[in-house]
Amino acid sequence: MTAPFEFLLLDITDRIATVTINRPDKLNALNAAVIGELDRMFGELATRPQVGAIILTGAGRAFVAGADIAEVAAAAATPAGLEATSAFGSAVFTRIERGPKPVIAAVNGFALGGGCELALACHFRIASTQAKFGLPETKLGLIPGYGGTQRLPRLVGMGRALQLIFTGEMVDGTAAAAMGLANSVHPPEALMEAARSIAREAIKNGPLALAHAIHAVTAGADLSLDDALALESKEFGAVGRTADMREGTRAFLEKRSPEFRGA
Ligand code: COA
């Protein structure tokens, strides 16, 4: 790592990086410093071959309780205003989503506003029964500004998304799983192992295949079906030129486990 992180903890065990947002006295609210550190952390993890997958979680009783409201209020009064705030956070979250490694949000508690949007930018969400998801921005006279108006309807449908945005209501992990906002829900003490177990399965597979799958799914989501299918074919062709693909198919035919090298 290039420099220490003030608000992030990092553990790397068995090729799984666990990044913990650590600002518990403010329920891990996202100020510009935290968002900047997330950008740097994910950028650095993307380039580390010894990391195969990333789990993102929060310290204490929150995943992230939103953008830092004090900072949002101050930014609104600056010449650049909240458009610049939104553009900055949104760009960082999109870089997280488009990175080359699976990113799993382990949602341990409040995932509100920018916290819900950060979880939405992860590839999927594993929730604790104690998780509380919500987009309460309209209660503050705001709208979601870090991708929530776009990623939430794509994930759960426009009707459910607009209900959450209009009311600002919180839904727990069980309700989030029922609407597809979370992939699964677990007792708090089982949350991290549930996330790690999925990460372990993913990193058995070819790292280049995972990266190309992320690109095909995330970039393809906004294209027409014809263009998205053409993108898929291009990505399929690209993985077909890798040594990992030759190893994966050879290992199947030889009835042994593959040894992927990320090449
Ligand atoms: N921005 C800045 N500070 C925040 C914050 C946020 N989004 N969310 C929580 N905090 C701070 C509180 O101000 C408080 O700080 P203090 O102890 O210095 O006063 C601390 O975190 C603990 O929060 P508190 O409100 O006392 O906890 P609670 O259990 O009573 O309530 C919440 C929890 C999540 C319901 C409540 O904190 C809340 O509504 N937060 C804002 C959620 C939100 O609107 N997010 C979208 C922002 S755009």
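The values are calculated or read from the model by the stated rules, or taken from the named source; none is laboratory data. Since we're looking at a predicted model, the values are computed, not measured. We place every Cβ from the backbone using ideal geometry, glycine too, and count neighbours over all the protein chains shown. Please note that ligands, DNA and RNA were not included when accessible areas were found on the heavy atoms of the full protein model with its side chains. Shrake-Rupley method; radii C 1.70, N 1.55, O 1.52, S 1.80 Å.
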Within the range 159-175, which residues are open to solvent by 70 Å² or more (accessible area, probe 1.4 Å) and not aliphatic (A, V, I, L, M)?
R160, Q163, F166, T174
Within the range 65-86, identify whether any single residue is within 30 Å of P207 (Cα to Cα) and either in a helix (DSSP H, G or I) or not aromatic (F, W, Y) (or both), and answer yes or no.
no
Within the range 196-255, restricting to residues that are farther than 22 Å from A17 by Cα and among the hydroxyl-bearing types (S, T, Y), the one that is surrounded by the most Cβ atoms within 10 Å (Cβ to Cβ) is T242
Residue match in the range 16-31 (condition: surrounded by 14 or more Cβ atoms within 10 Å (Cβ to Cβ) and in contact with a Pro (Cβ under 9 Å, 6 or more places away or on another chain)):
no
Considering only residues that are over 19 Å from the mean Cα position of the chain (by Cα), within 12 Å of the ligand (Cβ to nearest atom) and not charged (D, E, K, R), which ones fall in the range 133-164?
P136, T138, L140, G141, L142, I143
Keeping to the range 67-86, report how many residues are polar (S, T, N, Q) and within 11 Å of the ligand (Cβ to nearest atom).
2
Failed condition for L38, given (1) open to solvent by 30 Å² or more (accessible area, probe 1.4 Å); (2) farther than 12 Å from D68 by Cα, with all others met?
(1)
Testing A3 on (1) in contact with a helix residue (DSSP H, G or I) (Cβ under 9 Å, 6 or more places away or on another chain); (2) open to solvent by less than 10 Å² (accessible area, probe 1.4 Å), one condition comes back false. Which one is that?
(2)
Condition check for G220: touching a Pro at 6+ places or on another chain (Cβ under 8 Å) and of a type outside the set (A, V, I, L, M)
no
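Condition check ((1) more than 19 Å from the chain's Cα centre (by Cα); (2) open to solvent by less than 60 Å² (accessible area, probe 1.4 Å); (3) of a type in the set (S, T, N, Q)) across all residues:
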position	(1), (2), (3)
P49	yes, no, no
A65	no, yes, no
V72	yes, yes, no
A75	yes, yes, no
T78	yes, no, yes
Right, G89: within 16 Å of the ligand (Cβ to nearest atom), modelled with pLDDT of 95 or more and either open to solvent by less than 60 Å² (accessible area, probe 1.4 Å) or in the same structural domain as A161 (by TED's automatic domain parsing) (or both) or not?
yes
I'm trying to understand the selection: among the residues of the range 126-158, which are of a type in the set (G, A, S), open to solvent by 20 Å² or more (accessible area, probe 1.4 Å) and closer than 26 Å to G60 by Cβ?
G145
Tally time: how many residues in the range 144-177 are among the small types (G, A, S) and touching a strand residue (DSSP E or B) at 6+ places or on another chain (Cβ under 9 Å)?
6
Number of the condition not met by A119 [criteria: (1) farther than 21 Å from I198 by Cα; (2) assigned to a helix (DSSP H, G or I)]:
(1)
Of A178, A190, A182, the only residue that is among the aliphatic types (A, V, I, L, M), assigned by TED's automatic domain parsing to the domain that holds D14, open to solvent by less than 30 Å² (accessible area, probe 1.4 Å) and at pLDDT 95 or above is A182
